[in-house]
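Engineer: Below you will find the structure I want to go over with you.
The values are calculated or read from the model by the stated rules, or taken from the named source; none is laboratory data. None of these values were measured; they are calculated from a predicted model. Cβ atoms come from the backbone with ideal geometry, glycine included; neighbour counts cover every protein chain shown.
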Amino acid sequence: MLTVGIVVYPGFQPFGSAVGTVFEIANIYGDRPIYDIVLASSGGGLVRCSQGFSVDTVCIRDRAFDTLIVLGDHLCEPAPTDLVDYLRDAPQHVRRITSVCTGAFLLAAAGLLDGRRATTHWQFARDLADRYPNVAVEEDRIFITDGAIWTAAGMSAGIDLALALVEKDCGTDIAKGVARKLVLYHRRGGGQSQFSTLLELDAKSDRIQTALTHARNNLKADLSVEILAGVGGLSPRQFTRVFREETGVTPAKAIERLRVEAARLMLETTRHPIEIVARENGFGDRERMRQAFLRAFGQSPQTIQRAAGERELV
């Protein structure tokens, strides 16, 4: 059985501990229990979280672990020195060490991220890079794997990381079963942006939000102003005016952003040829997609796809 230690310290954010549910459900889908899930801290006993209640933990030095998941907190407070000291030596006896949200700061303080790629919550990414210049911080990633060290972005990204760990240990079928049980998409790829175009556009009215949701679910289809206006129950002229008032961009620009977001994820998480990625995301041909990528990212689809392939080999 693989022992997963969920590592907490005073002030930790309890939402992060939801990662344990992923391993709990994996035990149900396996032929036999796969994971032993343990809450651990530097000294054991009760540890108070950011919401004011306490959880009972074991002393981290009293157990052997296959995987450690270091949770984060809201304020990025310094962690107990003895916990950082433990983490510094942990790679000698722990197969995988991971962090969620600002837990990356503990790994960095222990020197585990030196010379590695890492991520954290977007709000703290610049601070992580400034405090620890030897860490290659990628602030717009859901999670990053660099050897035996995994780091995830803000809180909910820990679920994506946990699903990826289960997939690595148990295979795709069990990971998909866990995701379905939790009413989740299989999992977001680690290369996916922490930001969502739908959230950034921040439509105020149901009509514009309905049109945007239709567009996101039908990127391959005709998404002209006339089509979207019909979905939103407005005339094309009204739709264009209201859309720009609510989102700050034109419908055409918003659709392009949705398409490049989906196409980038497809490039980073699949091995489909660029022509197929372009077609499946409504660009029509690779040149139109290339131009859109240069506008959005300053890089071509080929460059992004090549970088994703190189990361898989690390």
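Engineer: Every residue in the stretch 95-118 that is assigned to a loop (DSSP other than H, G, I, E, B) and either surrounded by 24 or more Cβ atoms within 10 Å (Cβ to Cβ) or of a type in the set (A, V, I, L, M) (or both), please.
Structural biologist: Passing the criteria: CYS101, THR102, ALA110, LEU112, LEU113.
Engineer: Which of the residues that make up the stretch 63-85 are surrounded by 19 or more Cβ atoms within 10 Å (Cβ to Cβ) and either hydroxyl-bearing (Ser, Thr, Tyr) or touching a residue at least 60 places away in the same chain (Cβ under 8 Å) (or both)?
Structural biologist: Matches in the stretch 63-85: PHE65, THR67, LEU68, ILE69, VAL70, LEU71, GLY72, ASP73, ALA79, LEU83.
Engineer: Any idea which residue in the stretch 39-62 is surrounded by the fewest Cβ atoms within 10 Å (Cβ to Cβ), counting only those that are of a type outside the set (Ser, Thr, Tyr) and in a loop (DSSP other than H, G, I, E, B)?
Structural biologist: Ranking the candidates gives GLY52 first.
Engineer: Pairs only if they're at least six apart or on different chains, beta carbon under 8 angstrom, first in the stretch 295-307 and in the same structural domain as ARG279 (by TED's automatic domain parsing), second loosely packed, with under 15 Cβ neighbours inside 10 Å and aromatic (Phe, Trp, Tyr); list them, first residue then second.
Structural biologist: ILE304/PHE297
Engineer: Another one. Which condition does ASP36 not pass, out of (1) among the acidic types (Asp, Glu); (2) assigned to a strand (DSSP E or B); (3) out of contact with any Ser or Thr (no Cβ under 8 Å at 6 or more places or on another chain); (4) surrounded by 12 or more Cβ atoms within 10 Å (Cβ to Cβ), if it passes all the others?
Structural biologist: Of the numbered conditions (1) among the acidic types (Asp, Glu); (2) assigned to a strand (DSSP E or B); (3) out of contact with any Ser or Thr (no Cβ under 8 Å at 6 or more places or on another chain); (4) surrounded by 12 or more Cβ atoms within 10 Å (Cβ to Cβ), the odd one out for ASP36 is (3).
Engineer: So, one more: Of the residues ALA125, ALA90, ALA129, which is part of a helix (DSSP H, G or I), closer than 14 Å to ILE149 by Cα and free of Cβ contacts under 8 Å to residues at least 60 places away in the same chain?
Structural biologist: From the options ALA125, ALA90, ALA129, the qualifying one is ALA90.
Engineer: Which is of a type in the set (Gly, Ala, Ser), under 25 Å from the mean Cα position of the chain (by Cα), farther than 25 Å from VAL178 by Cβ and in the same structural domain as ALA175 (by TED's automatic domain parsing), of ALA104, ALA109, ALA18?
Structural biologist: ALA109
Engineer: Could you please let me know if THR145 is closer than 18 Å to LEU161 by Cα, out of contact with any strand residue (DSSP E or B) (no Cβ under 6 Å at 6 or more places or on another chain) and assigned to a loop (DSSP other than H, G, I, E, B)?
Structural biologist: No; evaluated as a whole, the condition is false for this residue.
Engineer: Follow-up question, since we're still on this one. Condition first: assigned to a helix (DSSP H, G or I) and loosely packed, with under 15 Cβ neighbours inside 10 Å. Now tell me which residues in the stretch 156-186 satisfy that.
Structural biologist: Matches in the stretch 156-186: LYS168, THR172, ASP173, ARG180.
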